[in-house]
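Contents: one structure, followed by commentary.
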Amino acid sequence: MPGAATSARVTPRVWVVVAALLVCLAAPAFFVLLVPWLGWILLALGLPAAWQADRGAPTPSTGTADERPASLVRDLSLIAAGMLIVSAIPLAAELDNAAMVRFTLALGGAVAVPYLVSRFVYRDRAIRFPWRGGGRWTPFQWGWLVAVLVLGWLILPFYFITSGVYLNWPVVDTPDLIARLFVGVGAVGIWDELFFICTVFALLRRHMPDGWANVLQAIVFVSFLWELGYRAWGPALTIPFALLQGFIFLRTRSLAYVVTVHLLFDAVVFGVLVHAHNPGLLDGWFLV
């Protein structure tokens, strides 16, 4: 029957979207609502849905002869593992030794565990870190780096200071604390690209159009940033930023470039936080 055949073709695609959406919606449960049990339920529903998608449709090819075919349940399990590891610690920004060790272990594990499981347990190369990507940067790409600095300088002081969200970060009023903030902001920025782009986005792209995958990775990205401290009207900044980072990675295929963009943005974040916590120290540098 033509109708039955059409239904059989459509159903696996529906299961792919449902499964990926359920897994990605665990991020706001973990990091925005701070309701871990809801995140666990969403993951527990998403992975069986992924299994149904794999069962009901031909497994998509990775396009590489020496790799196993892509499996949605395997790939979503890697995303789930990373989110579970991150959700095991509070993400409130702190600069003491214990907090920095917690962040290092949890964020490092969220990248390392999915990579190692993909490489040595699932025996594929679903997760890669293409540092150089598409070669030399174009004049437009260099121009975008300048634009990032200018936009950050114009927008971020107004956001952090007028909304009061700078108070979500600890006071940095000594050279030691300022140095720790500099290291922490930069390290988290690099990690963002390793996990959200090279892991979450890359895994989702194996099963759906790039646009869908980019929107779903942005859900995870923005949820993490919310708990980290980018609250109030922060999503109005972080949603476009997450989507742009995914788009830029698609165009450049360069981890080095998206990391550079992120670090330039975070350099402005660092300066604004120091400025906000130390009135008078950086007077004249920012408009607010």
Q: Give the residue from P69, P48, V121 lying farthest towards the positive end of the charge dipole for the range 16-167; charges sit on Cβ (+1 for Lys and Arg, -1 for Asp and Glu) and the dipole is referred to the Cα centre.
A: P69
Q: Express in Å², to the nearest 10, the accessible area of V14 obtained by rolling a 1.4 Å probe over the protein heavy atoms while all chains stay in place.
A: 80 Å²
Q) ³J(HN,Hα) across the range 214-221 via Karplus (A = 6.51, B = -1.76, C = 1.60, θ = phi - 60°), whole Hz, x for Gly/Pro? A) 5, 4, 5, 5, 5, 4, 5, 4
Q) When only Cα pairs under 8 Å and 6 or more residues apart are kept, what is the percent relative contact order across the range 162-288? A) 38 percent
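In whole percent, and with a 1.4 Å probe on the protein chains, what portion of the accessible area of the chain is carbon and sulfur? Walk me through the numbers before you get to the answer.
Details: 9790 of 13800 Å².
C and S fraction of accessible area: 71 percent.
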(Q) Output wanted: per-residue J couplings in Hz (rounded whole) for the range 31-45, from phi through Karplus 6.51 cos²θ - 1.76 cosθ + 1.60, θ = phi - 60°, x for Gly and Pro. (A) 9, 9, 6, 6, 10, x, 4, 5, x, 4, 5, 4, 5, 5, 7
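Got the relative contact order for the chain handy, in percent, Cα pairs under 8 Å and 6 or more residues apart?
Values: 350 pairs, mean separation 69.2, N = 288.
The value is 24 percent.
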Q) How large is the helix-only mean residue ellipticity at 222 nm for the chain, computed as the sum of -39500 (n - 2.57) over DSSP H runs with n ≥ 4, divided by its residue count, in deg cm²/dmol to the nearest 500? A) -23000 deg cm²/dmol
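In percent, what relative contact order does the range 63-189 have, based on Cα pairs under 8 Å that are 6 or more apart in sequence? Please list the in-between numbers first.
Numbers: 60 pairs, mean separation 36.3, N = 127.
This gives 29 percent for the range 63-189.
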Q: Just the ratio, please: alpha-carbon radius of gyration of the chain over 2.2 N^0.38 Å, N its number of residues.
A: 1.06
Q: Quote the accessible area belonging to T162 in square angstrom, nearest 10, computed with a 1.4 Å probe and with ligands, DNA and RNA left uncounted.
A: 80 Å²
(Q) Going by Cα centres, the range 181-219 and the range 91-107 are how many Å apart? (A) 20 Å
Q. When the solvent-accessible surface of protein heavy atoms is calculated with a 1.4 angstrom probe, in what order do S254, S77 fall, highest first?
A. S77, S254
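Provide H207, H262 ordered by accessible surface of protein heavy atoms (probe 1.4 Å), highest first.
On the way: H207 35, H262 5 Å².
Of H207, H262, the descending order of accessible area is H207, H262.
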Q: Can you grab the distance from the C-alpha centre of the range 147-170 to the C-alpha centre of the range 241-288, Å, no decimals?
A: 10 Å
Q: List every residue whose amide H lies under 5 Å from the amide H of G133, counting only residues 5 or more places away in sequence or on a different chain, with H placed 1.01 Å from N in the peptide plane.
A: L255
**Q.** Amide H contacts of R125 (H built 1.01 Å from N, under 5 Å, at least 5 apart or other chain)
**A.** R68
Q. Magnitude of the Cβ-charge dipole of the chain, K/R +1 and D/E -1, about the Cα centre, nearest 20 debye?
A. 1100 debye
Q: Determine ³J(HN,Hα), in whole Hz, for all residues of the range 100-108 in sequence, where each value follows from phi through the Karplus function 6.51 cos²θ - 1.76 cosθ + 1.60 and θ = phi - 60°; x replaces Gly and Pro.
A: 5, 5, 4, 4, 4, 5, 6, 5, x
(Q) For Y115, Y166, give me the order by solvent-accessible area with a 1.4 Å probe, most accessible first, ignoring ligands, DNA and RNA. (A) Y115, Y166
**Q.** Per residue accessible area in Å² of the range 33-167, where ligands, DNA and RNA are left out and the probe is 1.4 Å
**A.** 55 Å²
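Stretched out fully, how many nm does the piece from L38 to R128 gain, at 0.36 nm a residue minus the Cα gap?
Values: separation 90, 0.36 × 90 = 32.40 nm, distance 3.03 nm.
Going from the current span to full extension adds 29.4 nm.
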Q | Accessible area of L149 in the full protein assembly, 1.4 Å probe (Å², nearest 10) | A | 70 Å²
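Within the range 100-130, which trypsin sites (Lys or Arg not before Pro) sit in a loop by DSSP and count at most 15 neighbouring Cβ atoms inside 10 Å?
Values: sites: R102, R119, R123, R125, R128; in loops: R123, R125, R128.
Answer by residue number: R123, R125, R128.
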Q | Listed residues P175, L281, A93: farthest to the positive end of the dipole of the chain (Cβ charges) | A | A93
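The values are calculated or read from the model by the stated rules, or taken from the named source; none is laboratory data. Note that the coordinates shown come from a computational prediction; the quantities given were computed from them, not determined experimentally. Every residue, glycine as well, gets a Cβ built from its backbone with ideal geometry; the counts of neighbours run over all protein chains shown. Only protein heavy atoms, including side chains, enter the accessible area calculation; ligands, DNA and RNA are left aside. Shrake-Rupley method; radii C 1.70, N 1.55, O 1.52, S 1.80 Å.
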